[in-house]
Amino acid sequence: MKQLRTQKWIVRLSTMLIPVLCLALSLSSALVRAPAVQAAETNVWTQLPLYGGNVLSLAIDPKTPTTLYVSTQRGIFRSIDSGDTWTAVNTSLANQYVRSLEIDPKAPTTLYAGTSFGGAFRSVNSGTTWTAVNTGLANKVVGSVVIDPVTPTTLYAGTDSGVFRSVNSGTTWTAVNTQGLAAWQVMGLTIDPKTPTTLYAVTNGGLFRSTNSGEHWTLGLPRVGASSLIINPLTPTTLYAGTGAGVFRSTDSGDTWTAVNTGSPILPVCGSCLLPSTPSPQLRCMPAPMAVASSAPWTAATIGPC
């Protein structure tokens with residue numbers, strides 16, 4: 001992904017309630033390289049003036065969409081003008097490899113960051129200062145953090161040794177791995193926006209689902225090298241998984257899966273997102289160019305490889 005060109009696009013994205021779902025997985029090479037053309041709604045992307053490392057995730061303030069946050073290999077940056085200018089907001093986060101960034105949907109001055117070696121961090125002042133919140137978090141490699149959209153004091157952290165849950169805004173954590181999930185390395189977590197007791201974990205052991213806030217997990221998609229998962233925000237029973245064997249779709253909350261790769265090379269998918277106007281899957285494949293579709297078949301878009 002390259003550039004969010006206009007504030008209007010950002011407002012549309014945020015109102016679909018999927019800002020991070022779309023962007024966290026497709027920004028690994030964004031904002032720091034040459035501009036590219038994107039065959040979607042905006043057609044042309046322009047490089048944002050942000051340099052210094054790959055962008056790993058992006059969060060948009062749901063109440064003030066001109067305020068953006070990005071996590072990078074060198075900490076977190078904030079923009080208050082739709083990305084025209086950026087400021088480092090790294091107090092207590094200096095030199096941290098920040099892999100995940102989430103913003104409280106009801107109190108957007110509160111943010112959470114998952115780092116590669118320092119565990120989880122919380123800011124209650126729009127990123128100005130950060131505090132480590134690791135009590136009970138047995139593994140400090142946090143690849144993903146998700147927030148319960150209904151009860152934002154409930155958080156989940158995906159680590160290199162399973163999933164942990166907090167019910168007090170990260171102050172303390174409890175492992176929720178004993179039933180089914182074991183201690184797999186968790187590369188990504190996704191929460192159902194309408195039924196937040198339902199969670200999905202992308203792990204090195206396959207794709208798992210929990211329907212009771214992480215207490216029990218069941219294997220939904222076996223070992224096919226899943227790397228990303230997105231939920232249709234209007235119909236959360238519809239899921240798309242990017243894997244080492246292409247794209248799979250489920251229309252029954254992960255009970256069954258079907259490969260949907262017509263028109264697209266069956267290659268590893270390194271990121272995926274849903275277009276903001278209509279929740280249509282847009283996936284970026286490696287090493288092929290991005291493939292775009294509202295439903296199968298897929299067509300190539302000139303966005304470049306991962």
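For the pair LYS140 and SER92, label points projected 7 Å from Cα toward Cβ lie 1.5 nm apart.
Placing pseudo-labels 7 Å out from each Cα toward the beta carbon at ALA245 and VAL150 gives an inter-label distance of 3.5 nm.
Along the Cα→Cβ direction, 7 angstrom out, place labels at THR129 and THR218. What is the inter-label distance in nm? Modelled inter-label distance: 4.7 nm. Stretching the chain fully between THR211 and THR256 yields a gain of 14.6 nm (0.36 nm per residue, less the alpha carbon separation).
FYI, it's all coordinate maths here, none of it is from the lab. Only a predicted model underlies this, so the values are computations on that prediction, with no experimental measurement involved. So basically every Cβ, Gly included, is an ideal-geometry build from the backbone, and we count neighbours across all protein chains shown.
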